[in-house]
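Data first, discussion second: the structure below is written as structure tokens.
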Amino acid sequence: MSDTDGKKPLGLSGGARSGRVSQSFSRGRTKSVVVETKRKRVVVPKPAPQSAAAQNAEGGKREKSLPDAELERRLKALQNARAREVEDEAKRQQDEKDREEERNRRRAEAEAKEREEREREEALRAKEEEDARRLVEEEARRNAPKETPPSDPAAVEAAVAAGPASRGASKPLPQAPRRKTEEEDRGAKRATERDSERRSGKLTVSQALTGGEGGRTRSLAAMKRKQERARQKAMGGQQDREKIMRDVQLPETIVVSELANRMAERVADVVKALMRNGLMVTQNQVIDADTAELIIEDFGHRVQRVSDADVEDVIDTIDDKPEDMKPRPPVITIMGHVDHGKTSLLDRIRKANVVAGEAGGITQHIGAYQVTTESGAKLSFLDTPGHAAFTSMRARGANVTDIVVLVVAADDAVMPQTIEAINHAKAAKVPMIVAINKIDKYEANPNKVRTDLLQHEVVVEKMSGDVQDVEVSAVTGQGLPELLEAIALQAEILELKANPDRPAEGAVIEAQLDVGRGPVATVLVQKGTLRQGDIFVVGEQWGKVRAMENDRGERIKEAGPSVPVEVLGLNGTPEAGDVLNVVETEAQAREIAEYRHQASKDKRAAAGAATTLDQLLAKAKADKNVAELPIVMKADVQGSAEAIVQAVEKIGNDEVRVRVLHFGVGAITESDVTLAEASGAPVIGFNVRANAPARSAANQKGVEIRYYSVIYDLVDDIKAAASGLLGAEIRENFIGYAEIREVFKVSGVGNVAGCLVTEGVARRSAGVRLLRDNVVVHEGTLKTLKRFKDEVKEVQSGQECGMAFENYEDIRKGDVIEIFERESVERSLA
Ligand code: GDP
């Protein structure tokens, strides 16, 4: 207030306008003194038009100090001048007014636009009304002083140049001149005062109070128009002159607030626009792309439809140049038949290559480890249970293995799982090295292994082939250095390379939920270098590398290609085989993870829903005939869980099968027990235990929990349980056929068939089927079997008899009755 008052007199300073100035001051409490002195000065020396102007401006007060004649003369002169000028003045005013109006309108628009823009951005950034309001107020304050100068100098200039008559014209307000022509100077003076007031401090106050609207001293209607325009613009009206068109990326679905964000519009406006389209949504709701497209077009932006899958585009954009590729260690998986010594071999290799202090046992199991051969080559071994992990990882697209070491026991030669392993390796196009194990054993016959392998198109070097073979003993350690060198040689041939200088990409070898550390994943880095602090997406999870540990439990800051590391800082537990990609921002990581999660959910839902009637019938039939042993299974690591699932799902035949309702990694929880109870399933824990709530829930609900630490024990037990489910086999024996010769209606009994037994024997206790044209029309039992008048137990072939069906009357001459008996046979699973 006070500072605008202060500015005002400064703007109006100048002797000629002293009268007006003093008037202005006279409103001020303390400046009336100044008014007096100025007036005197004006009156005495100057009879000029300027003093007339001053006098006029000063109105009634002046009448006392001037002689009447002088006053009248001046008034007349003024009136004459006014009469002359009033016409062209009016015209000029009109033009001026129009121009001014147009200028103001544009300026107001520009300002509204600018403010709108700023508001929007601010609102989006802070998303809090508080902020937006503060901004608006600030804006108002800023507008006010800006506004004052352009109007004031105009008024001043006009007043100086044209004297009293022009004063009206000097004002930008349209109504002021009109009033002037109708009223006397006094009225005009007051109008001027009012205008000045409006233009100065008072207006600013009102501006501030009304939230900083415009700040132009236009009519109320003009203000309203301007407001309307601003509103329309915010709503995406036709005001596209200064609109910033944005390309809005639109996925298949979008959250309202995100849509607003991408358009750089206010969320509230977007919600309003949606409402106008008949959609009552909140800013956190998801809308589909079609609706969003309407809104985007409404706001005057361009739509850029993107597929949801496009969110993944941020990944994999790097083409490694050949010159960036550096040699990397090979990744080896050991495969082979059960008990041929895979685990022993891995242990031996590891122990032989870790520091002495750890030789007593494996201190850290992270599912993979790196060893250094005597010649200094680094080798990364995947420490996963056999084929299952290998295949399920491959199924997920994680081809992590460079070399397969096929372990074949020299005392056992090629066995079914050996063949399976060969097939897996071949399918994955991974080179093989044969480790003929247990060579220390007396009965070892390595040559049998070599010849056996020939049958499976594995020709080892000893047989003039190109597959390296090494005789080893996991027990004595014999041949192990040779095996490692063979691996190193194979790796050299493969010329394995990767670019370490790029965002990391890797595969999850194992993942688990650690009580103390949260979700933990062992990741084998495949490309680039994974560093602490990296943001990544892995399968449906994402995270930021909080810490990394190598296979010896040492904290490390970065891991290059072929290095297995345990990664902490995930938001959830990924699955073995999931691919990890480092991305730039957390938003990207989250977006991709969410997209994948949704996609897999949709896929599961689609798989559940898109069943045809045929499929449903087949399933219903299958369900009826196949007994299921449901289980819920929890394991310590993903690899074991998957291996167990694959093993138990193989149990069974056409009639009995094991159904894994749920499997996972971590302790058995209450929800596992609930699920098991609902389906009458036992809960199997492999190297995990039930937590306390789960234990008490299981006690209450009578759910069996079983713990195992050996996969084969587990599988055997489940096999036994499944065998228990095998219904005794029902065998059907056809014992006879009879032909219906006549149908009699017997009161009290119903329809009775007069038959001739054509084959075998008809037995009262047996089951019967009624065949019409070789189609079974009824299956049931007999109510009566009569020979002549007597009820009999059986009727031999070639004899006539009377038969009636239990609960079935529709029998016809010419129908054939099939007579059969069932016997049950106990069985067990192989
Ligand atoms: P996996 O099922 O393939 O992992 O086989 P294991 O490593 O569990 O070995 C099965 C059995 O064979 C164990 O009792 C081992 O002690 C034994 N074994 C493994 N390698 C050798 C070996 O080189 N020599 C002898 N004598 N026994 C071995």
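The values are calculated or read from the model by the stated rules, or taken from the named source; none is laboratory data. Keep in mind the model is a prediction, meaning the values are calculated, not measured. Virtual Cβ from ideal backbone geometry, glycine too; neighbours counted across all protein chains shown. Protein only, heavy atoms only, side chains kept; ligands, DNA and RNA dropped before computing areas. Shrake-Rupley method; radii C 1.70, N 1.55, O 1.52, S 1.80 Å.
Points to keep in mind about this one:
- Checking Glu510, Glu566, Glu482, Glu492 one by one, the residue that is touching a strand residue (DSSP E or B) at 6+ places or on another chain (Cβ under 6 Å) and assigned to a helix (DSSP H, G or I) is Glu482 and no other.
- The residue of the range 470-493 that is least open to solvent (accessible area, probe 1.4 Å), among those that are among the acidic types (Asp, Glu), closer than 14 Å to Val434 by Cα and away from the ligand (no atom under 12 Å from the Cβ), is Glu485.
- Every pair of residues 6+ apart whose Cβ atoms lie under 6 Å, when the first sits in the range 540-557 and is open to solvent by less than 40 Å² (accessible area, probe 1.4 Å) while the second is hydroxyl-bearing (Ser, Thr, Tyr) and assigned to a strand (DSSP E or B): Asp551/Tyr369
- Positions within the range 671-691 being in a helix (DSSP H, G or I) and either modelled with pLDDT of 80 or more or in contact with a strand residue (DSSP E or B) (Cβ under 6 Å, 6 or more places away or on another chain) (or both), in sequence order: Asp672, Val673, Leu675, Ala676, Ser679
- Some residue of the range 712-735 being in a strand (DSSP E or B), in contact (Cβ under 8 Å) with a residue 60 or more places away in the chain and either within 30 Å of Asp339 (Cα to Cα) or open to solvent by less than 50 Å² (accessible area, probe 1.4 Å) (or both): yes
- Residues located in the range 257-266, provided they are assigned to a loop (DSSP other than H, G, I, E, B) and either buried (at least 20 other Cβ atoms within 10 Å of the Cβ) or acidic (Asp, Glu) (or both): Glu265, Arg266
- Here the range 346-368 is the region considered, the condition is being more than 16 Å from the ligand (Cβ to nearest atom) and surrounded by 14 or more Cβ atoms within 10 Å (Cβ to Cβ), and the residue that is modelled with the lowest pLDDT is Glu358.
- Selected residue (criterion: farthest from Glu482 (Cα to Cα)) from residues of the range 399-447 that are of a type in the set (Gly, Ala, Ser) and part of a loop (DSSP other than H, G, I, E, B): Ala428
- Scanning the range 444-464 for residues that are crowded, with 17+ Cβ neighbours inside 10 Å and under 49 Å from the mean Cα position of the chain (by Cα) gives Leu453, Val458.
- If the condition is being more than 11 Å from the ligand (Cβ to nearest atom), more than 20 Å from Leu382 (Cα to Cα) and open to solvent by 10 Å² or more (accessible area, probe 1.4 Å), then the range 397-418 contributes Val414, Pro416.
Per-residue answers, yes or no, for (1) farther than 25 Å from Ala576 by Cβ; (2) at pLDDT 85 or above; (3) of a type in the set (Lys, Arg); (4) open to solvent by 20 Å² or more (accessible area, probe 1.4 Å):
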position: Ala618; (1), (2), (3), (4): yes, no, no, yes
position: Ala641; (1), (2), (3), (4): no, yes, no, no
position: Glu655; (1), (2), (3), (4): yes, no, no, yes
position: Thr669; (1), (2), (3), (4): no, no, no, yes
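- Any hit, the range 307-320, residues being open to solvent by less than 50 Å² (accessible area, probe 1.4 Å), modelled with pLDDT of 85 or more, over 19 Å from Ala643 (Cα atoms) and among the hydrophobic types (A, V, I, L, M, F, W, C): no
- Failed criterion for Val458 (all others in (1) more than 16 Å from the ligand (Cβ to nearest atom); (2) touching a residue at least 60 places away in the same chain (Cβ under 8 Å); (3) in a loop (DSSP other than H, G, I, E, B) hold): (2)
- Residue match in the range 332-343 (condition: away from the ligand (no atom under 16 Å from the Cβ) and surrounded by 14 or more Cβ atoms within 10 Å (Cβ to Cβ)): no
- Hey, Val523 buried (at least 18 other Cβ atoms within 10 Å of the Cβ), under 20 Å from Lys342 (Cβ atoms) and touching a Gly at 6+ places or on another chain (Cβ under 6 Å) or not: no
- Val515 satisfies every condition listed in (1) away from the ligand (no atom under 16 Å from the Cβ); (2) farther than 30 Å from Gly543 by Cβ; (3) exposed (fewer than 14 other Cβ atoms within 10 Å of the Cβ) except (2).
- Flag if Lys441 is in contact (Cβ under 8 Å) with a residue 12 or more places away in the chain, farther than 25 Å from Pro330 by Cα, more than 12 Å from the ligand (Cβ to nearest atom) and open to solvent by 70 Å² or more (accessible area, probe 1.4 Å): no
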